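Working notes, beginning with the structure itself.
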Amino acid sequence: MNIKEIVKQTEGRRLEFKETLPENADLANTIIAFANDAGGELYIGIRNNPREIVGLPDEELVKIEEQISNIIFDRCYPAILPDITFLTEEDKHIIRVTVYRGSALPYYRKDKGKLQGTYIRVGSSNRLADDEIIAELERRKRNISFDSELVMNKPANELNIEDFKQEYQDKTGESLDTQALRKLELVKKVNGTEYPTNALVLFSDDELRRSLFPFVKVECARFKGTTSEEFIDQKSILTNIATQAEEAYNFVLRHINKGAVVEGVYTVSRWEYPVKAIRETIRNAVVHRDLSLSGKDIKVAIYDDMVEITSPGLLPPSIDYAAMESRQSDARNKVIAPVFKRMGIIDQWGNGLKLIADELKDYPQIKFRWKETGLSFQVQFVKLDYTAQQELQQDPRQKLGLGLELGLEQQRELQRELQRELTNATMYSDVLYKIVEVPLSRKEISEAFGQKQVSGQLDKILSKLADDKLIEYTIPEIKNHPNQKLRITKRGIAFLELLKK
């Protein structure tokens with residue numbers, strides 16, 4: 001990516017722009033935050049707001065480079081070794097400071113110490129890390145995960161895991177005995193006693209799970225409209241983590257629509273959202289959530305215009321949602337993830353994002369969005385045609401010219417037909433487009449579709465269009481007249497205008 005493309009990017013987790021050399025402390029905080037997270041690049045000589053390359057004086061470049069090096073060496077610990085390079089664009093000089101993801105975590109300010117001087121990157125800002133985040137950084141350094149840590153409150157054999165054992169056996173066909181628990185690292189022996197890891201406690205139905213992890217739950221809600229002001233339905237999923245994803249997915253299915261669409265000559269059922277992609281997103285939220293962040297739960301929200309899933313924890317540094325079709329895998333919870341895979345709850349490593357990307361290709365009317373908000377990761381499936389559907393619902397009688405000649409149920413059916421066409425255009429609207437300029441006979445319409453004769457499917461659609469008063473006969477008094485043709489009505493034109501809009 002050249003400098004012109006970089007300048008167009010939004011400041012964020014791995015990118016920051018500064019017009020001039022920042023104050024010593026600000027520069028150190030940014031470098032530390034980058035090193036503690038996914039790495040990043042700092043460009044000096046580029047104004048952020050409004051975005052503009054202002055450049056640095058040529059004669060001061062070497063001096064500024066030395067200042068940067070000295071600030072990083074004097075203020076950051078452990079040692080951080082960035083790449084500092086000079087760039088020139090339109091005769092303006094820029095300094096780029098590239099910081100790589102660190103391995104000696106956590107990095108912090110020498111003058112403040114670890115507890116008061118550890119910074120992390122949250123969006124485009126640097127945030128002081130609390131004790132939980134510092135502990136997670138130290139686990140990352142030792143390449144261990146929160147779910148693998150021991151719980152010494154009670155021995156493993158006293159933990160209530162009967163439902164989990166049954167679920168595991170049903171899904172895998174294998175018994176979850178003591179040997180299997182050890183192999184899966186769900187228990188570890190200390191001084192001759194087997195103790196559960198955090199993972200096993202989370203898979204259990206023991207009171208210990210409810211007392212230690214009351215926040216490890218999924219909050220589901222169906223809201224009225226496009227804001228979170230009014231609930232239609234809500235549910236708190238408080239079960240063990242083995243069943244949370246499926247319960248949340250079923251909640252979504254209860255609150256989204258499924259309709260019939262025509263594909264070729266067949267009528268098939270189709271959800272209004274890519275449900276496989278939603279299911280995979282919910283599963284990812286459950287298996288990869290940051291369990292070390294206490295007080296944060298997963299949220300599944302359904303609005304009139306989108307489905308939104310929010311999971312505690314930022315995206316792992318090695319995962320790039322912008323490259324969804326490349327197989328990527330980075331398990332934050334190194335004990336839970338293999339158990340989920342063995343039970344078939346998550347797919348083969350690295351397939352999840354590709355599965356989402358593949359299904360989205362069949363839903364061009366759904367926009368997939370993702371962002372990091374605070375210390376959470378959020379995914380949205382947004383209806384692009386929601387505004388058009390709203391417009392239809394607000395005044396369907398006027399826009400389609402509906403009069404008293406159509407009954408209430410017929411009016412509703414015509415509304416539903418328009419909504420289906422907005423989602424996935426079929427022969428129903430294609431017929432209207434073919435006769436919008438000039439009336440055609442039934443035979444001419446069939447030939448326009450490449451048919452030798454009027455098919456049963458086309459015959460049904462022509463009859464339905466006539467019943468819906470979107471088309472009419474040119475010689476209505478003699479329907480079998482040899483010169484009979486079909487033409488579009490004013491209502492049919494209004495129908496097409498709504499589709500185009």
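The values are calculated or read from the model by the stated rules, or taken from the named source; none is laboratory data. Computed from a predicted structure; not experimentally measured. Cβ atoms come from the backbone with ideal geometry, glycine included; neighbour counts cover every protein chain shown.
Numbers below:
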item: Residue match in the stretch 384-401 (condition: at pLDDT below 80, surrounded by fewer than 18 Cβ atoms within 10 Å (Cβ to Cβ) and over 38 Å from the mean Cα position of the chain (by Cα)); result: yes
item: Test: residue 332 is assigned to a loop (DSSP other than H, G, I, E, B), at pLDDT below 95 and either under 16 Å from residue 133 (Cα atoms) or of a type outside the set (Lys, Arg) (or both); result: yes
item: Those residues of the stretch 439-471 which are under 17 Å from residue 495 (Cα atoms) and hydrophobic (A, V, I, L, M, F, W, C), in sequence order; result: 461, 462, 465, 466, 470, 471
item: Index of the failed condition, residue 45 passing every other in (1) surrounded by 17 or more Cβ atoms within 10 Å (Cβ to Cβ); (2) within 31 Å of the chain's Cα centre (by Cα); (3) not β-branched (Val, Ile, Thr); result: (2)
item: Residue match in the stretch 225-233 (condition: surrounded by fewer than 17 Cβ atoms within 10 Å (Cβ to Cβ), in the same structural domain as residue 292 (by TED's automatic domain parsing) and within 23 Å of residue 283 (Cβ to Cβ)); result: yes
item: Scan of the stretch 55-75 for residues that are more than 14 Å from residue 24 (Cα to Cα) and either surrounded by fewer than 12 Cβ atoms within 10 Å (Cβ to Cβ) or over 41 Å from the mean Cα position of the chain (by Cα) (or both), ordered by number; result: 57, 58, 59, 60, 61, 62, 63
item: Residue match in the stretch 80-87 (condition: in contact (Cβ under 8 Å) with a residue 60 or more places away in the chain and either farther than 20 Å from residue 26 by Cβ or in contact with a Cys (Cβ under 6 Å, 6 or more places away or on another chain) (or both)); result: yes
item: Which listed residue is assigned to a loop (DSSP other than H, G, I, E, B), over 35 Å from the mean Cα position of the chain (by Cα) and of a type in the set (Gly, Ala, Ser), from 79, 104; result: 79
item: Residue selected from the stretch 127-150 under the condition within 16 Å of residue 334 (Cα to Cα) and of a type in the set (A, V, I, L, M, F, W, C), by the criterion surrounded by the fewest Cβ atoms within 10 Å (Cβ to Cβ); result: 144
item: Of residues in the stretch 1-19 being assigned to a loop (DSSP other than H, G, I, E, B) and touching a Leu at 6+ places or on another chain (Cβ under 8 Å), the one farthest from residue 376 (Cα to Cα); result: 9
item: Residue that is part of a loop (DSSP other than H, G, I, E, B) and at pLDDT 75 or above, where the choices are 319, 345; result: 345
item: Within the stretch 274-307, tally of residues that are in contact with a Lys or Arg (Cβ under 8 Å, 6 or more places away or on another chain) and either closer than 25 Å to residue 426 by Cα or modelled with pLDDT under 90 (or both); result: 3
item: Scan of the stretch 30-76 for residues that are part of a helix (DSSP H, G or I), without any contact (Cβ under 8 Å) to a residue 40 or more places away in the chain and among the hydrophobic types (A, V, I, L, M, F, W, C), ordered by number; result: 61, 62, 73
item: Test: residue in the stretch 104-121 that is on the phi > 0 side of the Ramachandran plot and exposed (fewer than 14 other Cβ atoms within 10 Å of the Cβ); result: yes
item: Residues satisfying the stated conditions in the stretch 152-171, i.e. within 17 Å of residue 241 (Cα to Cα) and not charged (D, E, K, R); result: 159, 160, 161, 164, 166, 168, 169
